[in-house]
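All remarks here apply to the structure that follows.
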Amino acid sequence: MGERVILGLESSCDDTAAAVIRGTPGAAVILSSVVAGQADLHAPFGGVVPEIAARAHAEKLDGCVAQALAEAGLTLDRIDAVAVTAGPGLIGGVLSGVMCAKGIAAGAGLPLIGVNHLAGHALTPRLTDGADYPYLMLLVSGGHCQFLIVSGPDDFRRLGGTIDDAPGEAFDKTARLLALPQPGGPSVEAEAALGDPGRFPFPRPLLDRPGCDLSFSGLKTALLRTRDAVMQDGRLKRSDRVDLCAGFQAAVTEVLAEKTRRAIAEYLVSEPETPLLAVAGGVAANRPIRAALERVAQENGLAFLAPPLRLCTDNAAMIAYAGLERMAAGAVDDMTLVARPRWPLDRAAAPMIGSGKKGAKA
Ligand code: KG4
Ligand code: ZN
């Protein structure tokens, strides 16, 4: 397949996004990537409100598409296909995107490609660095946490994942319990840098069990109990807060590092030619976590790749790119494309239980 220009749309959670990319699988460039967040709309409710998100997507999608085309310097007649997140995610938002993409595809006579949101994240190392298959991917965000061996645009093996909360969600809850600003990740990281990680020995969930599954909901309970035990007259001293943050972050880091070690061992069984550990998701921005993962990769002879943060978090360039790979593989959809709230990447793996603040896990 020669070069293609793909318009991508993303609206599965609380970011409305449109992007244009051009290229071939493993060699694509981003011509534009527009992301319109909705954080201000959901802030008063302390979490994403699905109905508000769906309405905001429906309102913002057209403008994002127009802006993405304008920034790419292209009109619709120069686009070869429209790719859209068709799941998993909050169903109202996914529906808004799918309907918008169908309208554009029908109006402009373009092929329509439905993309799995998680495939978008998982294929990002190919968009940013032309990574060779198969590579190991750790997705760690506010809504996702799983290990995947990525062997092709539609070939994913899930080695394990969270059985309850995602790590970003745990950071956000920790921040809420300690009266720190949202999003919790950066504020907890900043406090943790000043604290003693050894003072409060938080649990390391599931480390005693074999395999790569993770759990983070128990940590939150442990944090709440410890906080209540050290609070005096309903007040938390700064020195206690920084130690709580440091202890919590150390527990998350150690669990992620150890489970990554196990995932690497499983991945290396397939004797990849250019072994690579790639990470994506907002939590990959955490410096101590990133450093720990990089160290584990190095110890095991793997290269380490963390795409730039704006491409690690939700965006439409990754959706356009996953659409490009699907198109090259001949996997094009039509007007019967449906929006799916749940859509596991690895159809052979047992379904995950639990559901995060950002919708159903997959
Ligand atoms: O990937 P993302 O932007 O959105 C989705 O969840 O899809 O990730 C956001 C999550 C939030 O929970 C946020 O608290 C967390 O990533 N996060 C961090 C850091 N920066 C963002 N967690 C830990 N340390 C950070 N520095
Ligand atoms: Zn995502």
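The values are calculated or read from the model by the stated rules, or taken from the named source; none is laboratory data. Just so we're clear, the structure is a prediction, and the values are computed from it rather than from any experiment. Quick reminder, even Gly has a Cβ in these numbers, built from the backbone with ideal geometry, and neighbours come from all protein chains shown. Heads up: the accessible areas ignore ligands, DNA and RNA and are worked out on the full protein's heavy atoms, side chains in. Shrake-Rupley method; radii C 1.70, N 1.55, O 1.52, S 1.80 Å.
Summarising the label geometry, the points placed 7 Å from Cα in the beta-carbon direction at Asp155 and Asp196 lie 5.3 nm from one another.
Where in the chain are the DSSP H helices whose C-alpha atoms run 27 Å or more along the long axis and whose mean Kyte hydropathy is at least -0.5?
Working: long enough: 50-72 (31 Å, 0.09); 238-268 (44 Å, -0.07).
Span-like helices, by this rule, are 50-72, 238-268.
Note on Ser96: accessible area is roughly 20 Å² with a 1.4 Å probe, heavy atoms of protein only. Averaged over its residues, region 132-307 has an accessible area of 41 Å² per residue, based on protein heavy atoms and a 1.4 Å probe. Electrostatic bookkeeping for Glu191 treats Lys and Arg as +1 and Asp and Glu as -1; over the other residues with beta carbon under 15 Å from its beta carbon, the sum is +3.
Note on Met99/Asp132: beta-carbon distance plugged into 1/(1 + (r/R0)^6) with R0 of 45 Å gives a FRET efficiency of 0.80.
One chain, two ends: Asn300 and Ala106. Fully extended at 0.36 nm per residue, the span grows by 64.9 nm beyond their Cα-Cα distance.
Would you calculate, for the chain, the mean residue ellipticity at 222 nm contributed by helices, counting each DSSP H stretch of 4 or more residues as -39,500 (n - 2.57) and dividing by all residues, to the nearest 500? Numbers along the way, then the final one.
Values: 11 runs with 152 residues, N = 362.
Value at 222 nm, helices only: -13500 deg cm²/dmol.
Overall, the accessible surface of region 277-340 at a probe of 1.4 angstrom is composed of carbon and sulfur to the extent of 51 percent.
What is the sum of charges, Lys and Arg at +1 and Asp and Glu at -1, for the other residues whose Cβ falls under 14 Å from the Cβ of Pro201? Net of charged neighbours comes to 0. Amide H to amide H, with H built 1.01 Å from N, Leu31 comes under 5 Å of Val20, Ile21, Arg22, counting only residues 5 or more places away or on other chains.
Rank by packing, highest mean first: peptides 46-57, 202-213, with packing defined as the count of other Cβ atoms within 10 Å averaged across residues.
Working: 46-57: 18.1, 202-213: 14.8.
Answer by packing, highest mean first, reads 46-57, 202-213.
Please report the net charge: other residues with Cβ closer than 11 Å to the Cβ of Leu7, K and R +1, D and E -1. Please list the in-between numbers first.
On the way: positive: Arg4, Arg22, Arg78; negative: Asp80.
Charge balance near Leu7 sits at +2.
The amide H of Ala83, built 1.01 Å from its N in the peptide plane, has Leu7, Gly8, Leu9, Ile113 as neighbours under 5 Å, considering only residues 5 or more places off or on other chains. Binning the alpha carbon pair distances of region 139-277 at 5 angstrom intervals from zero yields the distribution 2, 10, 19, 21, 16, 12, 9, 6, 4, 2, 1, 0, expressed in whole percent.
Expressed as a fraction of 2.2 N^0.38 Å, the C-alpha radius of gyration for the chain is 0.99. Summarising the label geometry, the points placed 7 Å from Cα in the beta-carbon direction at Arg347 and Asp208 lie 3.9 nm from one another. Normalised by the number of residues in region 132-307, the mean separation of alpha-carbon contacts (under 8 Å, six or more apart) gives a relative contact order of 27 percent. Close amide H contacts of Tyr135 (hydrogens built in the peptide plane, cut-off under 5 Å, sequence separation of 5 or more or a different chain): Val150.
Nearest 5 percent is fine: what portion of the DSSP beta bridges confined to region 132-307 is antiparallel? It would help to have the intermediate numbers written out before the result.
Working: 13 of 21 bridges.
Percent antiparallel among DSSP bridges in region 132-307 is about 60.
Return the equivalent ellipsoid semi-axes of region 110-169 as a descending list in whole Å, where each equals the square root of 5 times an eigenvalue of the C-alpha gyration tensor. Let's see the in-between values first.
Working: eigenvalues 88, 43, 24 Å².
For region 110-169, the semi-axes come out at 21, 15, 11 Å.
Highest-first packing order for the peptide set 125-131, 316-322, 80-86 is 316-322, 80-86, 125-131, based on the mean count of other beta carbon atoms within 10 Å.
On average, how much accessible surface per residue is there in region 85-127, in Å², for a 1.4 Å probe, leaving out ligands, DNA and RNA? Could you put the intermediate results ahead of the total?
Numbers: 900 Å² over 43 residues.
Normalised by residue count, the accessible surface of region 85-127 is 21 Å².
Applying 0.36 nm per residue to the separation of Glu271 and Arg287 and subtracting their alpha-carbon distance, the gain on full extension is 2.8 nm. As a rough guide to protection, the peptides 237-243, 38-44, 63-69 ranked by mean Cβ packing within 10 Å, highest first, stand as 63-69, 237-243, 38-44. Rounded to the nearest 20, the Cβ-based charge dipole of the chain about its Cα centre (Lys and Arg +1, Asp and Glu -1) stands at 760 debye.
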